[in-house]
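Written below as structure tokens is the structure these notes are about.
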Amino acid sequence: MSNNRTSAPKGPSQRQLRVGELIRRTLADLLHRGEIHDPALNAMSITVGEVAVSADLKVATVYVMPLMGSVPVEDVIAALARNKGEIRHRVVQGMTLRYAPELRFRPDETFNRLDETRRLFSDPAVRRDLDAADDTE
């Protein structure tokens, strides 16, 4: 019999996506309501863009950015890392997971990639190539 397995890497499972989204919403609510006992953290407006969860659900990488560039992203990540234990405890309170995932905070670079994409599409050489492709269709 032939082996139907492919060597292409798979994306995240539905469970990983659900857990990641639940963590993202819960964390965003906590930060919005200022429930963490750190005045410096509560003074920051933070956007939680995405949460990527490992396959074993033991590590959650949280991608964050300060809203409107109000403070440097490094300060946001440092403040979140200082309060990682309390945040982790509050995030998993209502969840039914065997393990509370370790939270790792990283800067969300989605907006930087969008800016770079826009810059590339506005390049005259790229515009010319795109217009030429439209004319051949």
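Quick note: the coordinates plus some simple rules give every number you see, no bench work behind them. Just so you know, these numbers come straight off a predicted model, no measurement behind them. Note that each Cβ is placed from the backbone with ideal geometry, even for glycine, and that neighbours are counted across all protein chains shown.
Odds and ends about this structure:
- Calculated over the range 58-101: convex hull of Cα atoms, volume per residue (Å³): 80
- Per-residue HN-Hα couplings for the range 93-107 [Karplus 6.51, -1.76, 1.60; θ = phi - 60°; Hz; x = Gly/Pro]: 3, x, 8, 10, 10, 5, 10, 7, x, 5, 9, 10, 9, 9, x
- Gain on full extension, evaluated as 0.36 nm per residue between residue 86 and residue 121 minus their Cα-Cα distance, stands at 8.2 nm.
- FRET E, pair residue 71, residue 25, Förster distance 25 Å, beta-carbon r, rounded to 0.05: 0.65
- Length released on extending from residue 15 to residue 35, taking residue separation times 0.36 nm less the Cα-Cα span: 4.5 nm
- The stretch between residue 97 and residue 59 holds 12.5 nm of extra length on full extension. This uses 0.36 nm per residue minus the Cα-Cα distance.
- Under conditions of 4 °C and 1.567 mPa s, the range 14-109 yields 98 µm² s⁻¹ as its translational diffusion coefficient, taking Rh as the Kirkwood radius over Cα pairs in the Stokes-Einstein equation.
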